[in-house]
1. I need the calculated FRET efficiency for the pair Ser425 and Arg321, taking r as the beta carbon distance and R₀ as 56 Å, to the nearest 0.05.
2. With 10 angstrom as the radius, rank Glu49, Glu537 by how many other C-beta atoms surround their C-beta, starting from the fewest.
3. Tell me the label-point distance for the pair Arg133, Cys58, using the 7 Å Cα-to-Cβ offset, in nm and rounded to one decimal.
4. Using Cα atoms only, what is the angle between the long axis of helix 234-247 and the major principal axis of the chain, expressed in degrees (0 to 90) to the nearest 10?
5. Under the 0.36 nm per residue contour assumption, what length would be gained going from the current alpha-carbon distance of Asn188 and Arg545 to full extension?
6. Once Lys and Arg get +1 and Asp and Glu get -1 on their Cβ, which of His246, Gly361, Thr282 lies farthest toward the positive end of the dipole of the chain?
7. What angle, in degrees between 0 and 90 and rounded to the nearest 10, separates the Cα long axis of helix 95-106 from the longest principal axis of the Cα atoms of the chain?
8. Give Lys459/Lys520; Lys292/Lys322; Lys459/Lys503; Lys459/Lys550; Lys228/Lys503; Lys460/Lys503 a once-over and call out the pairs whose C-alpha atoms are over 22 Å from each other.
Amino acid sequence: MSTIPSDRSQTTPNDSTERIYPSGVPRHLRYPLAPAWSLLDRAAMAVPERTAIDFLGCRMSYRQVNDAAVDLAVWLQQHGLQPGERIGILLPNCPEYLIALNAIWRAGGVAVAISPLSVPNDVRRLLELTQCRTVVCLDLLAGLLPEQGVDHRLIVSLGRYLRRWQVPGYAAVRWLRNGRVRTVQGPNETALWSAVGQSNGQLIPVETLPASDPAYILSTGGTTADPKAVTLSHRNIVANAWQQLHWAGNSMGQESMLAVLPFFHSYGMSAMLASGCAMGATLLMQPRFQVKQVIDALERQRPTVFHAVPAMLAALNQRLRKQPADLSSLKWVISGGASLPVAAAIEFAAHSGAQVVEGYGLSEASPVTHVGPLDGSNRPGTIGLPLPDTECRIVDLETGERTVAPGEVGELTIRGPQVMLGYWSNPAATERTLRRGWLYTGDLARRTADGFYRIVDRKKDLIITSGFNVYPADVEQALRGCEDVADVAVIGVPDPERGELVKAFVVLQDGVSWNPDRLKRFAREHLAAHRRPRLWEHVLDDLPRNFLGKVIRRQLRSSTSHTGAVA
């Protein structure tokens with residue numbers, strides 16, 4: 001294998017973080033100074049016959065995936081793709097996502113992630129913002145694309161996999177079969193696998209400047225009138241994959257990952273597609289999260305790594321209490337996307353025997369910046385430690401410049417090779433978020449004396465009542481200790497006298513009747529007066545969540561009023 005040029009980060013960690021850094025994990029790394037497609041190419045050279053993808057009974061080796069990506073890249077160049085041109089990917093989890101992503105990069109293009117959960121207006125705005133005129137699209141999702149403005153569509157159909165899948169009653173397959181499978185129509189549509197098979201000639205090498213050339217664009221605000229599109233460079237993606245590789249032991253060709261997180265989100269793309277290739281891991285792809293099918297896959301396919309979100313672990317715990325399963329193949333489970341309740345982590349660890357740790361990141365950081373140590377030194381209730389070559393400061397909320405003392409709450413800021421280039425065509429938003437070389441996350445955090453970090457809340461979710469700062473996550477954590485409470489979310493409600501009132505939305509355990517007096521007594525015993533909810537609301541079904549299971553507080557705010565039981 002040829003030697004890949006590398007660069008060296010110039011960060012200087014503080015002494016306390018240096019002392020307790022996990023054993024075997026270097027504080028500094030030498031990153032490959034190479035384009036993002038080099039991760040797949042490296043795996044194809046190191047472990048060519050290892051299974052890269054196992055999807056609905058179809059298996060592809062790293063050599064096969066890489067060859068398909070090269071062939072598709074040739075086709076893209078022969079059909080006019082210019083360096084720097086944007087190509088959209090509108091796909092669920094499937095092999096074609098990894099192939100298309102690497103083909104776009106090899107051909108010199110920039111991939112634009114489009115969520116299959118979007119509505120047509122969201123898709124149209126993102127395509128217009130990025131001037132994206134070619135889209136790799138699932139046949140069942142083609143209706144989301146605008147009639148005008150997309151010059152070409154590379155069509156993917158999952159029908160080619162269904163005949164291979166023999167598990168009866170598999171709900172994802174029923175979902176696919178119930179959809180109206182389209183055939184390729186019109187002169188501007190080409191079946192992706194036909195393009196792969198038709199490519200001929202040689203790939204024209206495209207010079208890539210990893211540190212400055214964009215590779216991946218994803219929207220962080222598709223439901224707003226002015227969405228922000230995070231722009232990641234090739235170096236961002238490679239560096240973050242390398243950071244996660246070394247955190248996990250720097251192995252090649254030894255792990256298998258249950259890949260159920262959506263690839264169109266930065267978490268799924270980085271932790272599974274990019275880092276999976278860096279590790280030469282087998283990706284056990286699932287089209288979507290379904291409790292029974294995930295447990296079946298954990299038992300039958302025996303993955304060693306499971307990236308999840310808290311809502312997934314909570315749902316799995318609920319089933320495993322009634323129907324235990326053999327999950328002993330799992331070595332570690334990494335949860336992200338939202339705060340992980342300690343009880344949920346402990347319970348899943350008991351069910352599986354795996355180490356369950358929490359990580360943290362944001363799309364603007366490719367996205368991972370912190371992970372709990374995998375060597376047994378994790379601190380439950382924290383997001384762990386910064387990844388190699390990731391600097392962190394917690395700064396005061398007034399000026400954003402003074403570093404606060406350990407234990408104090410402030411805004412978490414980050415500097416490292418994984419921090420984005422900026423927001424696409426939005427210099428004003430970029431300047432607000434990237435200041436003096438630091439990424440301002442908008443998250444409130446505190447740092448312990450030995451260097452572990454804990455997220456307190458989003459800066460915009462901070463409640464100020466009668467002059468006191470109240471962090472919703474702290475109140476929620478306390479209320480989850482009540483045996484009546486299955487889940488809870490806390491927001492601030494405007495009040496003319498106190499500024500804001502603390503309001504709790506409560507989901508009760510099965511079989512428990514609504515009794516706000518009992519909740520108020522519990523709050524008096526476990527929360528200081530200014531942190532106690534003054535308003536209580538019973539949620540009959542579930543709290544509003546996004547596709548990663550994170551509670552959507554803005555939806556609670558938009559629907560709330562001074563209603564519910566008043567303390």
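Read the figures in this text as sums done on the coordinates, not as results from a lab. What you see is a predicted model; the values in this text were computed from it and never measured. A quick note on method: Cβ atoms are made from the backbone with ideal geometry, for glycine too, and the neighbour counts reach across all protein chains shown.
1. Numbers: r = 49 Å, r/R0 = 0.88.
The value I calculate is 0.70.
2. The order, fewest Cβ neighbours first, is Glu49, Glu537.
3. 3.0
4. 60
5. Length difference between fully extended and current span is 124.8 nm.
6. Thr282
7. The angle comes out near 70 degrees.
8. In this structure, Lys459/Lys520; Lys228/Lys503 exceed 22 Å between Cα atoms.
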